[in-house]
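Written below as structure tokens is the structure these notes are about.
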Amino acid sequence: MAMKSGSLQLLFLILFFYFQAIKLSSSFQSVNGGCIEIEKKALLKFKQGLTDPSGRLSSWVGGNCCTWQGVNCNNRTGNVIKLKLRNPFPDSFDINGTVNNLGGEINPSLLNLKYLSYLDLSMNNFGGIEIPNFLGSLTNLRYLNLSGAFFGKTIPPNLGNLSSLLYLDLSSYFDDSNVNDLKWISSLSSLKYLNLGGVDLSKAASSWLQILNMLPSLLELHLPQCVLLNLPPSLPSVNFTSLSVLDLSNNGFNSTIPQWLFNLSSLTQLDLNSNNLQGEVSDAFTKLTSLQNLDLSQNSFLQGQLSRNLGKFCNLQMLELSFNNITGELTEFISGLSECPSSSLQTLDLGYNQLTGNLPNTLGYLKKLQYLILWNNMFQGPIPNSIGNLSSLEELYLSNNQMTGSVPQNLGQLSSLIVLELSENSWEGIVTEAHFANLSNLRELSIYRGSPNISMIFNISSNWIPPFKLTFINIRSCQLGPKFPTWLQNQSELNTLVLNNVGISDTIPDWFWKLDLELDDIEVPYNNLSGRVPNSLRFNEFAHVDLSSNRFEGPLPLWSSNVSALYLRDNLFSGPIPLNIGDVMPQLTDLDISMNSLIGSIPLSIGKLNAMTNLVISSNRLSGEIPDFWNNMPDLYFIEMSNNSLSGIIPSSMGSLKFLKFLYLSKNNLSGEVQTDLQNCTSMETIDIGDNKISGYIPSWIGESMPSLLILRLRNNSFTGNIPSQICNLSALHILDLSQNKLSGIIPPCFENFNGMKIQLTSERYEGNLQVVAKGAVIEYHAPLLYLVNILDLSVNDLFGNIPEELTTLIKLGALNLSMNQLTGRIPEKIGNMVLLETLDLSENKLSGCIPPSMASLTFLNHLNLSYNNLSGEIPTSNQFQTLNDPSIYEGNPALCGLPLITKCIHDGGPTPSHNKEVADDEGKFEMLWLSISIGLGYFMGFWGVCSTLIVNRHWRAAYFHFLGKSKDWIIVFVLTRASRLQWKFNKA
């Protein structure tokens with residue numbers, strides 16, 4: 001038995017080792033001859049379900065699947081353990097223009113990969129299909145990354161079965177991903193990294209923090225842009241104390257910074273940017289002693305000052321607080337940092353706040369600082385000299401402040417500097433080669449004043465050779481000329497060159513055109529550059545070219561198809577617009593060739609520019625009709641063709657421009673009626689078709705189809721009929737000019753609906769310029785100021801009736817012109833409510849009555865014309881009327897009296913009588929009759945008194961005739977003098 005038992009044991013041992021040998025040989029066979037067959041078949045079946053337009057999986061044929069691209073196997077067993085199929089170039093195309101994305105379906109054959117621990121399908125495009133449920137059965141997974149792969153709306157809860165999962169990234173940054181709850185995550189007890197960025201977690205907003213707090217091993221939590229909204233202010237207890245990275249940015253939290261954050265003692269990175277966090281930047285952050293990166297940028301309600309205590313945060317490497325409302329000075333904060341034994345701060349971003357004061361000299365103690373971003377604040381004073389001590393500084397941004405003084409020469413010591421951004425300040429002084437002496441790594445230079453006044457001068461030798469090779473130059477409103485800078489001659493790596501208003505009066509030398517640059521942007525406007533521009537320049541895609549306001553001449557230059565914006569306005573270019581401009585430069589979105597001497601017609605090829613948004617060809621000598629090619633320009637929103645000699649009608653195809661906002665066609669020879677198709681342009685904000693020969697009625701649909709209209713200028717045309725009441729629907733209108741037409745009827749009282757003339761508009765975005773008549777002259781307003789202009793001009797028409805009292809509710813109106821019509825009645829008594837009126841012209845009408853006393857309230861009035869009406873009474877003398885002392889503004893009103901007229905008013909112990917002309921004439925005739933009767937009676941009584949005495953007394957009679965003979969000449973003189981005096985008194989009366 002013992003022998004038998006031993007034999008059985010030996011047999012079992014032999015069988016055991018036999019089967020192990022078979023298994024082992026099978027394993028070695030799978031490694032030496034290829035991967036495990038069942039897993040190979042699973043991979044091929046998985047591949048069949050995918051789309052692979054660029055052939056990324058072309059290696060998945062035959063052979064050893066462990067050598068296929070993206071497949072990793074266990075070196076000992078041959079089992080597939082990793083599938084790394086992340087798209088390394090998600091935004092690129094191959095040489096054939098094919099995308100690199102994988103797509104299609106995820107086949108369940110992956111379940112045969114029993115030992116799969118790593119699955120990465122990120123940055124592909126699976127077209128919105130759901131994340132497969134079966135992935136929850138791959139229980140050996142340690143790493144799962146499906147981010148940015150366009151998976152569908154929900155996340156399967158059975159992912160909670162992956163209890164061994166260490167890394168989970170389902171971030172998508174698409175709005176169509178959402179989760180009803182996060183309870184399944186609580187089962188992932190081993191999870192160390194979680195990223196759900198871009199997934200809509202709004203339905204789990206009330207419980208997300210409590211659930212994630214149950215993951216004690218979590219090291220990194222990324223929940224940006226998850227629509228969480230609710231940031232709980234407190235937690236009963238904090239369990240995820242191992243957390244080192246927390247990203248809750250872009251969620252719209254409307255709360256203060258919660259206190260539980262300050263219990264995360266292991267936290268090294270905290271990102272709360274782009275929320276609505278409120279309150280002050282607390283000193284409590286100093287409790288996070290391990291914190292290295294803190295990003296609280298773009299929380300517009302976050303405020304307070306940077307305290308000295310926060311400055312003692314010595315382990316901090318990155319502090320980002322941009323786009324907030326932080327106030328105060330930097331002095332205390334920087335002094336706190338400078339007291340650290342060795343400050344670790346590498347990035348300081350405080351841009352877009354309200355910080356004031358001077359930059360402290362202690363800034364130079366931050367020796368490890370690499371990025372200093374202080375732009376868009378209110379800093380004053382000069383750059384401190386200690387800036388030269390920041391030897392590690394790579395990027396310096398000080399633009400858009402109120403800094404003054406000269407730029408210190410020791411900036412030239414910053415040998416690590418790559419970006420120097422000093423624009424939009426009030427710099428002055430002289431810049432020399434010493435400012436750039438050691439800047440061998442400099443790649444981007446931007447320096448200019450915040451105003452066009454030049455007070456900074458570049459005094460650089462023509463023989464200077466810079467130590468750097470710049471890619472970006474932006475110099476504005478500095479004296480760089482008068483010669484074209486020769487130090488640009490070795491800048492062969494430039495892709496952006498901006499020399500705006502730098503006082504160059506020269507031609508661009510040939511060596512510049514021969515640099516063989518590939519440019520993104522070339523701008524040299526507002527100089528005095530001359531000569532011809534060659535067609536040899538090369539540009540990168542979406543390039544900008546701005547040669548405006550110079551003296552370039554010759555034909556318009558044409559460049560490669562990559563140019564998207566071309567500004568050549570205000571030069572001396574001549575000849576026709578090239579007929580093939582739309583073929584040679586098909587990517588043009590912005591074209592401005594105004595204010596030149598171009599002739600001929602508008603080329604039909606412009607109609608091929610289907611990406612066009614801005615077209616400006618005004619102030620040339622163009623003729624012919626406007627082509628009917630607008631159907632192919634769906635994005636066009638700005639058209640400026642004014643001040644040419646264009647003729648014909650406004651094309652009906654302009655009605656296809658549904659996004660058109662600004663239409664300027666004034667000062668041409670356009671005729672016909674306004675096409676009804678234009679009512680489709682429902683986004684319109686400005687229409688200027690004045691100074692043409694357009695006829696017909698003013699279309700009523702303007703008021704029905706264009707609710708956003710702000711400016712309507714139809715002056716100097718041949719419009720007839722009444723002003724349509726539908727115009728009153730344009731509540732935002734603040735400039736209405738219908739002058740110099742043939743309009744009749746009354747002024748609609750519903751003009752009181754123009755709320756744009758009642759309230760002060762905010763800074764509306766305007767493009768183009770507009771000419772209006774105000775202050776007795778033609779004034780051209782430019783786009784930045786147009787929102788401040790409020791004008792109503794109905795002059796030179798045949799309007800009749802009263803001036804509606806309702807007009808006086810337009811209290812923000814700056815100019816009102818109703819002159820040269822047939823208006824009757826009185827000037828509205830409440831016209832004094834229009835307190836911002838600067839121009840009031842009511843001349844050449846049939847208005848009667850007195851000048852309303854309320855007009856004395858118009859203290860801004862500087863141009864008044866009431867001439868040639870039937871006004872009467874005394875001219876007011878108080879307030880602004882004391883300055884309106886030109887008699888011509890009242891002439892043609894015979895019954896007006898008082899200064900500045902020579903006609904004085906009669907005051908008889910009471911108020912000056914206010915009679916009209918007819919009453920005054922009648923009273924004068926009556927007084928003349930009574931005076932004549934009185935004189936006649938006087939002469940009669942005197943005559944008979946003398947004569948009767950002479951008849952009775954002979955001696956008196958003889959003396960009388962003797963005197964008469966001696967004094968007849970004197971008597972004649974006396975009578976004539978007396979008559980003349982009586983006539984003067986009559987005239988005065």
For segment 626-649, how many residues meet the condition of being buried (at least 21 other Cβ atoms within 10 Å of the Cβ), among the aliphatic types (A, V, I, L, M) and within 18 Å of residue 714 (Cα to Cα)?
3
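If you take the residues in segment 393-413 that are closer than 17 Å to residue 368 by Cα and at pLDDT 95 or above, which one is farthest from the chain's Cα centre (by Cα)?
The selected residue is 393.
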Report, by residue number, each residue of segment 605-644 that is more than 21 Å from residue 564 (Cβ to Cβ) and not in a loop (DSSP other than H, G, I, E, B).
621, 622, 623, 624, 625, 631
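Considering only residues that are small (Gly, Ala, Ser) and part of a loop (DSSP other than H, G, I, E, B), which ones fall in segment 304-354?
307, 322, 342, 343, 344, 351
Here is a yes/no grid of residues against (1) surrounded by fewer than 19 Cβ atoms within 10 Å (Cβ to Cβ); (2) more than 28 Å from the chain's Cα centre (by Cα):
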{"position": "334", "(1), (2)": "no, yes"}
{"position": "340", "(1), (2)": "yes, yes"}
{"position": "351", "(1), (2)": "no, no"}
{"position": "356", "(1), (2)": "yes, no"}
{"position": "361", "(1), (2)": "yes, yes"}
{"position": "365", "(1), (2)": "yes, yes"}
Residue pairs qualifying under the 8 Å Cβ cut-off, at least six apart or on distinct chains, with the first in segment 207-225 being farther than 13 Å from residue 185 by Cα and the second being among the β-branched types (Val, Ile, Thr), are 219/245; 220/245; 222/245
Hits in segment 156-193 - residues which are at pLDDT 85 or above and aliphatic (A, V, I, L, M):
159, 162, 165, 166, 168, 170, 182, 185, 188, 191
For residue 262, all conditions in the list (1) modelled with pLDDT under 90; (2) assigned to a loop (DSSP other than H, G, I, E, B); (3) under 25 Å from residue 303 (Cβ atoms) hold save one; what is the number of the exception?
(2)
Against the definition (among the hydrophobic types (A, V, I, L, M, F, W, C), closer than 28 Å to residue 497 by Cβ, touching a Lys or Arg at 6+ places or on another chain (Cβ under 9 Å) and in contact (Cβ under 8 Å) with a residue 24 or more places away in the chain), how does residue 595 come out, yes or no?
yes
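Working only within segment 581-603, note down all residues that are hydroxyl-bearing (Ser, Thr, Tyr) and farther than 24 Å from residue 541 by Cβ.
Matches in segment 581-603: 594, 597, 601.
The rows are residues; the columns are (1) at pLDDT 95 or above; (2) surrounded by fewer than 20 Cβ atoms within 10 Å (Cβ to Cβ); (3) closer than 23 Å to residue 645 by Cα.
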residue	(1), (2), (3)
553	yes, yes, yes
562	no, yes, no
572	yes, yes, yes
587	no, yes, no
590	yes, yes, yes
593	yes, no, yes
Scan segment 420-445 residue by residue and report those that are surrounded by fewer than 18 Cβ atoms within 10 Å (Cβ to Cβ), out of contact with any Phe, Trp or Tyr (no Cβ under 6 Å at 6 or more places or on another chain) and outside any loop (DSSP other than H, G, I, E, B).
426, 429, 430, 434
Any residue at all in segment 161-168 that's under 20 Å from residue 85 (Cα atoms) and over 45 Å from the mean Cα position of the chain (by Cα)?
yes
Are there any pairs with C-beta distances below 8 angstrom linking a residue in segment 672-688 that is in a loop (DSSP other than H, G, I, E, B) to a residue that is basic (Lys, Arg) and surrounded by fewer than 17 Cβ atoms within 10 Å (Cβ to Cβ), with the two at least 6 apart or on different chains, and if so which?
681/658; 682/658; 683/658
Of all residues in segment 689-710, how many are under 27 Å from the mean Cα position of the chain (by Cα) and part of a loop (DSSP other than H, G, I, E, B)?
6
Go through segment 716-748 and give me each residue that's within 24 Å of residue 811 (Cβ to Cβ) and in contact with a strand residue (DSSP E or B) (Cβ under 8 Å, 6 or more places away or on another chain).
723, 727, 730, 733, 734, 735, 736, 737, 738, 739, 746, 747
Looking only at segment 367-400, how many residues end up being surrounded by fewer than 17 Cβ atoms within 10 Å (Cβ to Cβ) and aliphatic (A, V, I, L, M)?
1
Just to check your reading of the model, which residue among 388, 364 is at pLDDT below 90, out of contact with any Asp or Glu (no Cβ under 8 Å at 6 or more places or on another chain) and under 27 Å from residue 315 (Cβ atoms)?
364
Hey, among the residues in segment 753-806 that are of a type in the set (Asp, Glu) and surrounded by fewer than 20 Cβ atoms within 10 Å (Cβ to Cβ), which one's modelled with the highest pLDDT?
798
For segment 615-629, what are the residues that are modelled with pLDDT under 95 and touching a strand residue (DSSP E or B) at 6+ places or on another chain (Cβ under 9 Å)?
none
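Can you tell me which residue in segment 524-545 is farthest from residue 444 (Cα to Cα), limited to those that are surrounded by fewer than 20 Cβ atoms within 10 Å (Cβ to Cβ) and under 30 Å from the mean Cα position of the chain (by Cα)?
The extreme case among them is 528.
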Members of segment 828-842 found to be modelled with pLDDT under 95, crowded, with 22+ Cβ neighbours inside 10 Å and assigned to a loop (DSSP other than H, G, I, E, B), listed by number:
834, 837
Of the conditions (1) more than 29 Å from the chain's Cα centre (by Cα); (2) closer than 20 Å to residue 451 by Cα, residue 489 satisfies every one except a single condition; which number is it?
(2)
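Kindly evaluate residue 90 against the criterion of being assigned to a loop (DSSP other than H, G, I, E, B) and under 27 Å from residue 200 (Cβ atoms).
Yes, satisfied.
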Step by step: first the residues of segment 722-742, then only those that are in contact with a Ser or Thr (Cβ under 7 Å, 6 or more places away or on another chain) and outside any loop (DSSP other than H, G, I, E, B), then the one that is surrounded by the fewest Cβ atoms within 10 Å (Cβ to Cβ). Which residue is that?
742
Among the residues in segment 241-250, are any outside any loop (DSSP other than H, G, I, E, B), modelled with pLDDT under 90 and under 18 Å from residue 322 (Cα atoms)?
no
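The values are calculated or read from the model by the stated rules, or taken from the named source; none is laboratory data. No experiment lies behind these values; they were computed from the predicted model shown. Positions of Cβ are backbone-derived with ideal geometry, glycine not excepted, and every protein chain shown enters the neighbour counts.
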